[in-house]
Amino acid sequence: MDFGFTTAAYVVAGVLFILSLGGLSGQESAKRAVWYGIVGMAIAVLATLIGPGAGLWILSIVLVAAGAAVGYQLATRVEMTQMPELVAIMHSLVGLAAVFVGFNADIMINMVSGVYADAGRVLGAVAEDGYTAIGLPNDVFKELSAFGQLVAKKTAVEITILRVELVLGIWIGAVTFTGSVVAYGKLSGNSSLLPFKIDTAAKQLPGGHLLNAAAAALSLVLLIMYLSGAGSWTLVLLALAAFFIGYHLIMGIGGADMPVVVSMLNSYSGWAAAAIGFSLGNDLLIVVGALVGSSGAILSYIMCKAMNRSFVSVILGGFGGGGGAQMAVEGEQIAIDADGVVAALADADSVIIVPGYGMAVAQAQQSVSELTRKMRTAGKEVRFAIHPVAGRLPGHMNVLLAEAKVPYDIVLEMDEINDDFPETDVVIVIGSNDIVNPAAQDDPNSPIAGMPVLEVWKAKQVFVSKRGQGTGYSGIENPLFYKENTRMFYGDAKVSVDSLLPKME
Amino acid sequence: MKIGTPKETAEGEARVAMTPQSAKDLQKLGYDCLVESGAGLAAGFDDAAYTEAGVEVVSGEALWSDADIVAKVRPPSDAEAGTLSEGQTLISFFYPAANEPLMNIAKDQKANVIAMDMVPRISRAQKMDALSSMANIAGYRSVIEAGNNFGRFFTGQVTAAGKVPPAKVLVVGAGVAGLAAIGTATSLGAITLAFDVRPEVAEQIESMGAEFVFLEFDEEQTDGAATGGYAAPSSPEFRDAQLAKFRELAPEVDIVITTALIPNRDAPVLWTKDMVEAMKPGSVIVDLAAERGGNCELTVADEKIATENGVTIVGYTDFPSRMATQSSLLYSTNIRHMMTDLTPEKDGQVVHDMEDDVIRGATVTYAGEITYPPPPPKVQAIAAQPAKPAPKELTPDEKRAQEVAAFRKQTTNQVGLLAIGGGLILAVGLVAPASFMQHFIVFVLSVFVGFQVIWNVSHSLHTPLMAVTNAISSIIILGALMQVGSNSVIIMILAALGILMASVNIFGGFLVTRRMLAMFQKS
């Protein structure tokens, strides 16, 4: 039973998905692109409902509607600062769905081979003419569901491949699931909806990565046992091992590395979908899974590059040991009050604001936007410099600033703006630390040596809005704070910026 | 203790070392202030103003004998130096290198002399760096003086009565005076060019709005930091290159302001006779180095002359004095800062700490000894420039070779990856059945398309990208939809859960993406 129409619809949907991702190259085309994605998804789901998924229409539609309701609530209620958490928790859903679908495939194989056994045949056996012996009585075959029929037509080799694929799907899906849940816990901190709290610091069970390696080895053993017909219990154990890996791996990674983790999980959820696509013989799943997988992989790569760290070192957690002592920082941090900042801003012609995670934590984006508006009204050139790993999600800062109605054409990325700092009068650093650390360039022994950073210290004057004198996430002393042209503006980012606003007239 | 300021005796000197404002600040340090009657008149401060500020107005003789500290502007005359008494402190410009006899008189009188021109150039001492504050005024005034003698506008204008081209100003030497001149000239609207032998000041020049005149010359330049922030004398070859550049500029520029001076040397001649002759009639040269012979060959110190071809050359040496009010205010503030450092307890008692870098550096005689020249300061004047690895200028050939090599490397990389990838796929194809390979091709091509497409996604849209990919990765719902119709209950339940979760994701993901994208507004 083939569904020519369904395949045609899948082609259309696949093209739409590619266009949808391609359209994200610009802000304006992106608004159109998201519609391509929506239409593509609608076509794909409808085509499946009409074709191979025609089994339980009512149940399917009810479930989709219920899911839609929950999704709508999530999407409309979420604060923009919580985007990283939302993305993480959504990944976990894809992962879990992949696990379920994978298990289903296994159950179906067992069921089909049961049907074969009842009919006195062997699933996947090859007939004397060299072709697959379906050999089932037509009425028995017809009674199987669409997927069952698909399985029933496979040869022994194809069944083995199918099993490998579904194991991959389950395994990746399971890692994605627990990994995403942990990432969600770490990102949401106190506002987490989870019944248990997850420490944002990098923590591991005793044994560290050996445990992960052991779990991975166990998975491999289980895979071999499963393939040689040990039964479905191996699959359950395998899923448990993968759950553990996902949990333990992400537990060992600190909060600030979450941009990489989230994009990595994004990638995994894609690969899981692709693996399931293989096992179901569904090309659209494969196409989309591959697109999502490569997209996540590229994002992870960009993030790692921005931190000058290899992907492995991020995943293995913590910073690699930098040899030798770090340069001692001389001088003192000089504080300044709101009046001083306002006076300097009043004199400045060009201002660059460098936001970081601290701005998101303090929910200061509206205040920053208001400050920007006032300065722009006063005829000053105000721009934003965004480091690729600012925040907890790729592009996090852009979304926050967009939410606060900061026009996107004054929000620039590192490469676009880094050369402009020497001509800038004032730089305001709000809640970022490591991404503006000159030690990355000056001190070869610094743990972040070689990481591309925003060269804010080249500006005439730098104000750093920061809660206290502590070091950043990486625990590295930041020589920027001790520079002669740097003034520390202590306090919660939102309170600090708000204190500037009334004086900016 | 009493601090007193006499009337300046040098001819034409209008400045005064104490103003009513600085007197108030000195009183806060615990000093009683004296001033000679009429001392501030030329600078715009009459005796009444001083009295009002709590300053005792006395006669000249009384001042020299009563004051424990005498603060003045110009070096004392021999007669004045002769009246110094033991333990009395004199603060003024002193130029010890040129005034050895005067220094000997002060030494014989056992007076302590602090020379304001010897204050070391370190960050801490900037507030008492009188040379800089005077140079700043000189730089400003030089442009005003040039404008006064220049028959046209500085700024370009298009008026109903015709178009006015902007004046072109060349500033030679970008020290404090030069930078001040650049700032003044650009703010008047002139096109300003500036030259300095120290390439590291190019940035400062450009920051003031002038264009740095770049000299094609590969001599190893001495780092300005090694000479206390001043330029070092340059080699003859370098000078020739420099003069050739000036000769080229001479016919174009309307106003030339020269400020090139190296401490304790005659001013280098940078603007020769033939350059003056090449200039347009009506052009103006202001020579701030006139006191030391002038940077322009034709300069006459203290005079304004006109050449045969109508070029005015201003050689005044008293620019700060021509703005006596402003320069007195700044100079008296410098003095006041010096006194602050000399009075650590703020109790009106001078503590002449010879261990202090700044005080030691500025002191030329102390307790009957000549203490000039001072040892080098313990603190480096200006942070030494880190030794830059010289960015090698590549010849076009080398560049080309590099490009070719890079291209080749890229090609090898790409071909290598393709070969490995192709080999792997072939290997898979050998064992896998055809039905798998069909899907596999789709997979590989999709990954490829994915990579091509995602690289173009703008950085700022990475969060929406993740939300979209998240939504579309819920395509896994198709699998669940296909399975839900099964006749096994477990499959049905699991598939149903899968559908539910995936649809949460689809709707949540797309909606939140739309929400985010709608926020991106262009200004």
task: Can you pull the one-decimal nm distance between simple spin-label points at B:Asp274 and B:Glu86, each 7 Å off the Cα toward Cβ?
output: 6.4
message: Given the DSSP H assignment, sum -39500 (n - 2.57) over each helix run of at least 4 residues in the protein assembly as shown and divide by its residue total; what's the result at 222 nm in deg cm²/dmol, nearest 500?
response: -16500 deg cm²/dmol
- line: Lys and Arg at +1, Asp and Glu at -1: neighbours of A:Ile276 with Cβ under 14 Å from its Cβ sum to -2
message: Within a 10 angstrom radius of the beta carbon, how do A:Asp419, A:Asp283, B:Asp47 rank from fewest other beta carbons to most?
response: A:Asp419, B:Asp47, A:Asp283
task: Give me the net charge of B:Tyr366's neighbourhood, meaning all other residues with Cβ under 14 Å from the Cβ of B:Tyr366; Lys, Arg count +1, Asp, Glu -1.
output: -3
- prompt: Classify the range B:402-523: rounded, prolate or oblate, from the alpha-carbon gyration tensor (a ≥ b ≥ c, eigenvalue square roots; a/c under 1.5 rounded; otherwise prolate if a/b is larger than b/c)?
  reply: oblate
task: Just subtract the alpha-carbon distance of B:Glu56 and B:Phe407 from 0.36 nm times their residue separation and send over the number in nm, one decimal.
output: 118.1 nm
- line: Where a ≥ b ≥ c are root eigenvalues of the Cα gyration tensor, a/c under 1.5 meaning rounded, otherwise prolate if a/b exceeds b/c and oblate otherwise, the protein assembly as shown counts as prolate
- request: Among the chymotrypsin sites (Phe, Trp or Tyr not before Pro) in the range B:441-496, which ones are in a DSSP loop with at most 15 other Cβ atoms within 10 Å of the Cβ? Mind listing them?
  value: B:Trp455
- request: Compute the Rg to Rh ratio over the range B:44-113 from the alpha carbon atoms, using the Kirkwood formula for Rh, and round to two decimal places.
  value: 1.03
message: Report, in listed order, any pair from A:Lys460/B:Lys245; A:Lys305/A:Lys460; A:Lys374/A:Lys503; B:Lys245/B:Lys280; B:Lys24/B:Lys346; B:Lys2/B:Lys24 with a Cα-Cα distance greater than 21 Å.
response: A:Lys460/B:Lys245; A:Lys305/A:Lys460
statement: Quick calc: nm separation of the 7 Å Cα→Cβ label points for B:Gln157 and B:Trp455 -> 5.7
task: Filter the DSSP H helices in chain B by two things, a Kyte-Doolittle mean of at least 0.5 and an axial alpha-carbon span of 18 angstrom or more, and list the hits by number.
output: B:434-454, B:489-519
task: Determine, at each q value in 0.07, 0.12 (inverse angstroms), the log₁₀ of I(q)/I(0) that the Debye formula gives when each Cα of chain B is one equal point scatterer.
output: -0.61, -1.14
- request: Take the alpha-carbon centre of the range B:189-206, take the same for the range B:1-75, and report the distance between them in whole Å.
  value: 39
- request: Could you compute the FRET efficiency for B:Glu345 and B:Ser37, with r as their C-beta to C-beta distance and R0 at 22 Å, rounded to 0.05?
  value: 0.10
- request: Between the alpha-carbon centers of the range A:225-252 and the range B:461-523, tell me the distance in whole angstrom.
  value: 25
message: Classify the range A:389-505 from the C-alpha gyration tensor, please: rounded if a/c falls under 1.5, else prolate or oblate depending on whether a/b exceeds b/c.
response: rounded
- prompt: Summing +1 for each Lys or Arg and -1 for each Asp or Glu, what net charge is found among the other residues whose Cβ lies under 9 Å from the Cβ of A:Gly431?
  reply: +2
message: Taking the Cα centroid of the range A:163-185 and of the range B:314-358, what is the distance between the two, rounded to the nearest whole Å?
response: 75
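Every number here is computed from the coordinates shown, using simple stated rules; none is lab data. For clarity, every value in this text was computed on a predicted model and none was experimentally measured. For neighbour counting, all protein chains shown are included, and Cβ atoms are generated from backbone atoms with ideal geometry for every residue, glycine included.
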